[in-house]
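Written out below as structure tokens is the structure these notes cover.
The values are calculated or read from the model by the stated rules, or taken from the named source; none is laboratory data. From a predicted model like this one, the values you see are computed outputs, not experimental measurements. Methodologically, a virtual Cβ is constructed for each residue, glycine included, from the backbone with ideal geometry; neighbour enumeration extends over all protein chains shown. To get the accessible areas, we keep the full protein, side chains included, count just its heavy atoms, and leave off ligands, DNA and RNA. Shrake-Rupley method; radii C 1.70, N 1.55, O 1.52, S 1.80 Å.
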Amino acid sequence: MPLSLMLMPSYSCPAKCSYCFGPWGNDVMGADILKMALAWLDDLQRDGKIDQLGVVFHGGEPLTAGVDFFSRSLPRLRQTIRSKRSRMSAQSNLWLLTAEFCELFAEYGVSLGTSLDGPETITDVQRGQGYFRRTMAGIELARRHGLKVGCICTITSQSAPRAGEILDFFIREGLNFSIHAAVLPLIDSGLAAGPPSAPWALPPNVYGGLLVDLLDSYLVNTKRIRINTLDQLSRSISSGEGCTCTYRDCLGDYLAIAPDGSIYPCQRFAGLCSYRLGYVQERPSLERLRRSPAWQMLREREERIAGACGSCSYFHLCKGGCPYNALAAGGGSFNGGLKDPYCSSYQRIFSRITERALAEVFSEENLQDVAEQPGDDLLRQGPLLTIMRGGPHPRASVGTQGTKK
């Protein structure tokens, strides 16, 4: 089984992003919790037959835990990880990045991801004055030490009309990126009468149009930039299943460990007691986690969503979308609906990708290639077909671009 484990060294973060859904606080993971977390990970590898493991340092802002934390954790992680198919990464705003951090990350093969919402005039409005320059300084420092950095770009209701400007920025800076919609924050179960107000949240109809427009622009710029989100959506269609957590039954494939040792279904749920699965201090088995109320609730949603969405021609590609998004839209419960509120956006982009892919399949260039070299593979010539077949991309994959923040 594959496992993506998010280690959250700290809830603290010096940035004040306007749409951040948390968690917040000054908690920092102590040496004792780290030791127990690694012992628990070792148990999981023995019992769960994990054949692919990704460890992501997340937060909060993970670098607030200090360089000493990483000096202790990275060698221990390397010793603990058993899978030959493994990777380590960190998702950070890079404000606290130093040469010492860079040397450690280079030594242990830790890839870096950060968050930028486009040029300075957009990023600072959404993430706080000075955010852009401090993060760009971190990117330049990482590059000087040979570390590549990928970006998460959060699109809000206010920045969506400037999507073309945002794309131009990432192309100009040579930064590959992924797209995240600003979503409603999740209120702990039973504490809210309805979904909270969030002026930054991106409306589904706007998000769907944005994805379609970006796809069209991306396909004439694939030699200059990589948009990881669109790559994943395209490969979902060619593989017949979702290629990232939002578009698959993700429960159990992603787990997060908070600074106090709490275990959550993913980083988005961290700090919300109703969604805690257990504690690393108890070294629970996967079977024990599966018996927790939070796991049972999320598993029931996975089972019920098939009835709600089973007739949709794209259900096998998205599985109803992200449960966090559905819970947030429902005010902390699935009574408001099982589906991700961006369902219509996903349908729209899947339809557009299919349409563009068919046009490339039946293009003169592709048909000629198939005629000259017969075979089962029809995805030969065209920028979208190249992405869909998982062939060599003009730009290398970098950073932790699939990690939500």
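Assorted remarks:
- When DSSP beta bridges are restricted to pairs lying wholly in the chain, around 15% turn out antiparallel.
- The chain, dipole about Cα centre (Lys/Arg Cβ +1, Asp/Glu Cβ -1), debye to the nearest 20: 540 debye
- For segment 225-323, the share of accessible area belonging to carbon and sulfur comes to 45 percent (1.4 Å probe, ligands and nucleic acids excluded).
- Loop-located trypsin sites (Lys or Arg not before Pro) in segment 211-301 (DSSP state other than H, G, I, E, B) with a sparse environment of at most 15 neighbouring Cβ atoms within 10 Å: 223, 224, 291.
- Surface composition of segment 31-126: carbon and sulfur make up 47 percent of the accessible area, probe 1.4 Å.
- The chain: calculated mean residue ellipticity at 222 nm from DSSP helix runs of at least 4, using -39500 (n - 2.57): -12500 deg cm²/dmol
- Three-way shape call for segment 89-232 based on the alpha-carbon gyration tensor, with the a/c threshold at 1.5: oblate
- Simple label model, 7 Å out from Cα along Cβ direction - residue 26 to residue 143, nm: 3.7 nm
- Segment residue 351..residue 223, full-extension length gain: 43.7 nm, with 0.36 nm per residue of separation and the alpha-carbon distance subtracted.
- Among 354, 296, 136 - extreme Cα towards positive end, dipole of the chain, charges at beta-carbon: 296
- Evaluated with a Cβ-only charge set (Lys, Arg +1; Asp, Glu -1), segment 61-100 carries a dipole of roughly 500 debye about its Cα centre, given to the nearest 20.
- This model, with +1 at the C-beta of Lys and Arg and -1 at the C-beta of Asp and Glu, gives segment 214-337 a dipole about its Cα centre of some 160 debye.
- For the chain, fraction of C-alpha pairs farther apart than 26 Å, in %: 54 percent
- Stretching residue 99 away from residue 281 to a fully extended chain increases their span by 62.2 nm, per 0.36 nm per residue minus the current alpha-carbon distance.
- Phi-based couplings in Hz for segment 50-63 (Karplus 6.51, -1.76, 1.60; Gly and Pro marked x): 6, 9, 8, 10, x, 10, 10, 7, 10, x, x, 10, x, 6
- Accessible area per residue in Å² at 1.4 Å probe, computed on the chain: 42 Å²
- Counting only aspartates and glutamates at least 8 places from residue 16 when in the same chain, those with an alpha carbon closer than 19 Å to its own are 27, 61, 117, 120, 124.
- For segment 80-120: relative contact order, % (alpha-carbon pairs under 8 angstrom, 6 or more apart): 52 percent
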